[in-house]
Amino acid sequence: MSQEFPFDTQRIAIYADPTKKEVVAYRGELMKALRKVGIACFKLANFSDHDFDLIIVLGGDGFMLDLIKQLHFTSIPILGLNYGTVGALMNPRMPVPILIKAIQKKLFKIRPCKSIVCEYEDFSEKRKRVIALNEFVLERSSSTTIRLDIFLDGHRISRYSGDGLIVSTPIGSTAYSLAAGGPVLHSQLEAFVLTPICPHKPIHFKSLTFPIVLPMNSLIQVEVLQSDERQVRLIADGKAVKKVKSVLIKAMDKQVNLVRFLDYSFTGELVRNIIGDIQER
C-alpha cells in the first residue's frame, strides 16, 4: 500500500551510473540546482553512511538492485529515475526543474516493498542466508534436469523434475516469473508467487506444473534430491549465490521504501512497461 511522503528532504544523496555520459551530466545539473535552493546534496560513495533523508538513483533496475543490496536493504526512501531499459523499480526521467519542484513540495508517495530471505545449506553443510527484493531462483547448474522436494508450510506439495523454480515478490513478478508463465501480482498485495520453470508434465514425475500465489506468511522449503549429480544453484536478484542442498524462503519484516510520484499507478506502469498501449498497435 502506498503512503504519503512523511520524510524530510534536506539531505539528499545521489547515486548515478558512471558509465553513461547523460547520467553524469544530469547528476551535475541536479546537484547544482539542489544547492541553489538550499538542499544539501552529496554523491553517494560510502555505503556505510546512512545519514540522508532521500537517495536519488540515476540508472536502471539492476543498478538500483545492486545499490539496495550494498545498503543492506535500508529503509531510507529511494527515488529512481530510469536510465535503463524496463525501469520497473524506477520513475520516468524528467527535467531537473520539475524534479526540484517535486522535492520542495514533497509531491511523492512511498511504496513499501517487503524483502524475502532465503536460508540455505550448501555443500559445506553450513546454514547461510541471503536477502532479495525481486526474486529467488533455484536452477540447474548443468544440462541435467533437477529434482526437488517442495514443501509449503510443512506439507510436501511436489516431487519436482524440471529446470528450476522461482519465488517472486509482487515487485519481481513482472520479471523472470512472468516470462516463465507466472501471474503479475498487484503491488498492493502482500503475497509472493511460486513459479516452476519448464516442469516435466508426465504424472510419473509428480511435478508442480503451475504457479501458486501465496500469502506473505507462508514458508517455502525445498530439498534438492540427488544433489551431487543434479546440482542446483541459488540466484538472488540476478546474482548467483551458491550450489545448494536445501533452502527455506520466507518474508522479512524489513522493507525497502521506493519513492513514486503522486500520479504513479500500478495499472499505468503495467501498460507502459509490460502490455503496451493498444492504441499504438
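The values are calculated or read from the model by the stated rules, or taken from the named source; none is laboratory data. Being a predicted model, the structure only gives us computed values, none of them experimental. Because the Cβ atoms are built from the backbone with ideal geometry, glycine has one as well, and the counts that use them run over all protein chains shown.
I'd like the residue in the stretch 130-170 that is in contact with a helix residue (DSSP H, G or I) (Cβ under 7 Å, 6 or more places away or on another chain), assigned to a strand (DSSP E or B) and of a type in the set (A, V, I, L, M) and, out of all such residues, is surrounded by the fewest Cβ atoms within 10 Å (Cβ to Cβ).
Per the criteria, the residue is Val137.
Can you tell me which residue is farthest from Val259 (Cα to Cα) among those in the stretch 63-121 that are hydroxyl-bearing (Ser, Thr, Tyr) and in contact with a helix residue (DSSP H, G or I) (Cβ under 9 Å, 6 or more places away or on another chain)?
Residue satisfying both the conditions and the ranking: Thr85.
Let me confirm something: among Ser115, Ser173, which residue is not aromatic (Phe, Trp, Tyr) and not in a strand (DSSP E or B)?
Ser173
Val23 passes all but one of (1) within 20 Å of Ile103 (Cβ to Cβ); (2) assigned to a loop (DSSP other than H, G, I, E, B); (3) not small (Gly, Ala, Ser); which number fails?
Tallying (1) within 20 Å of Ile103 (Cβ to Cβ); (2) assigned to a loop (DSSP other than H, G, I, E, B); (3) not small (Gly, Ala, Ser), Val23 fails exactly one: (2).
Out of everything in the stretch 118-129 that is in a strand (DSSP E or B) and touching a residue at least 24 places away in the same chain (Cβ under 8 Å), what residue ends up being nearest to Glu190 (Cα to Cα)?
Per the criteria, the residue is Cys118.
Pick from Asp237, Asp253: which is charged (D, E, K, R), loosely packed, with under 15 Cβ neighbours inside 10 Å and at pLDDT 85 or above?
Going through Asp237, Asp253 in turn, the sole match is Asp253.
Yes or no: the stretch 46-69 includes at least one residue that is among the polar types (S, T, N, Q), in contact with a strand residue (DSSP E or B) (Cβ under 9 Å, 6 or more places away or on another chain) and more than 24 Å from Leu234 (Cα to Cα).
Scanning the stretch 46-69, I find no residue that is among the polar types (S, T, N, Q), in contact with a strand residue (DSSP E or B) (Cβ under 9 Å, 6 or more places away or on another chain) and more than 24 Å from Leu234 (Cα to Cα), so the answer is no.
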